[in-house]
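Here the structure is laid out as structure tokens; the discussion comes afterwards.
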Amino acid sequence: MENNIKDAVKLVQSYPTVPLTVDCVIFGFDDNSLKVLTIKSDLPQFHDKLSLLGDSILSNENLDDAANRVLVERTGMQNVYLEQVHTFSQPQRHPGGRVVTTVYASLLNIKHHELKILENELSWHVVKDIKEMAFDHQMILELCHSWLQKRIQEHPLAFNLLPEKFSLRQLQSVYEAILNISLDRRNFRKKFASMGCLIDINEMETNVTHRPGKLYSFDFAAYQAREKNWIGIDF
């Protein structure tokens, strides 16, 4: 029995010890811009550089629980959907030694989510303006942005960022901000007209500085009926 315990201890001791962490890439849409939630790094070698929200995984947590804990502890925001995107395991990605991190991402309307904790200069930054970050977080941000660009063309995520009644101008601005491209107005409207997921509610925009446009709502029932055969939008 004693030998079995010694053998088990030796086996455990022989396992490599690599810290596991999670990082959260929280994208937000506001003022016709795609933004990401960042803090300032507290490591001297990354002085004044932006960093993503992350932390080590506790011994009693799975990955999903750790990501949700990090988000709540760093921002105070509750009930934010997080999706696992990728694991980064390059040996030299952290100056303190080997660290493997699993990245989660989310997309939300900034106006609907209040930041209740502002430690470490927690704030929103326009994604396209960020050129350098701490650690390998620039690479992580770029990969998650690519993931989001693909997702928004495959699923109707954009409608979660809009009011219940919206114009096609507002809808187009969401896609342009996330895809970081300019879209032809006529072609954009043709594509959505052909998809059969918009309801003309017979109302017009009011109190706008441009020519008022028609208002629409998203037809969730029509989308659910054809969800399995949803072909997405290819711009």
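At a glance:
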read-out: Restricting the stretch 78-92 to residues that are over 17 Å from ASN68 (Cβ atoms) and among the polar types (S, T, N, Q), the residue that is farthest from the chain's Cα centre (by Cα); value: GLN92
read-out: Condition met for SER59 (surrounded by 16 or more Cβ atoms within 10 Å (Cβ to Cβ) and either at pLDDT below 95 or touching a Pro at 6+ places or on another chain (Cβ under 9 Å) (or both)); value: no
read-out: Given (1) under 16 Å from the mean Cα position of the chain (by Cα); (2) within 15 Å of LEU20 (Cα to Cα), index of the condition ASN62 fails; value: (1)
read-out: Residue list for the stretch 152-171, restricted to those being without any contact (Cβ under 8 Å) to a residue 24 or more places away in the chain and under 16 Å from the mean Cα position of the chain (by Cα); value: ALA158
read-out: Which listed residue, of PHE188, PHE218, PHE235, is under 25 Å from the mean Cα position of the chain (by Cα) and over 30 Å from ILE130 (Cβ atoms); value: PHE218
read-out: Enumeration of residues in the stretch 201-211 that are among the acidic types (Asp, Glu) and either part of a loop (DSSP other than H, G, I, E, B) or within 26 Å of ILE130 (Cα to Cα) (or both); value: GLU205
read-out: Test: residue in the stretch 135-148 that is closer than 30 Å to GLY97 by Cβ and of a type in the set (D, E, K, R); value: yes
read-out: Residue that is surrounded by the most Cβ atoms within 10 Å (Cβ to Cβ), among those in the stretch 62-104 that are of a type in the set (Gly, Ala, Ser) and either more than 20 Å from LYS40 (Cα to Cα) or at pLDDT below 95 (or both); value: ALA66
read-out: Helices (runs of 4 or more DSSP H) lying entirely in the stretch 107-200 (those with 2 or more residues that are surrounded by 17 or more Cβ atoms within 10 Å (Cβ to Cβ) and assigned by TED's automatic domain parsing to the domain that holds ASN32); value: 137-154
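The values are calculated or read from the model by the stated rules, or taken from the named source; none is laboratory data. Keep in mind the model is a prediction, meaning the values are calculated, not measured. All Cβ positions, glycine included, derive from the backbone under ideal geometry; neighbour counts span all protein chains shown.
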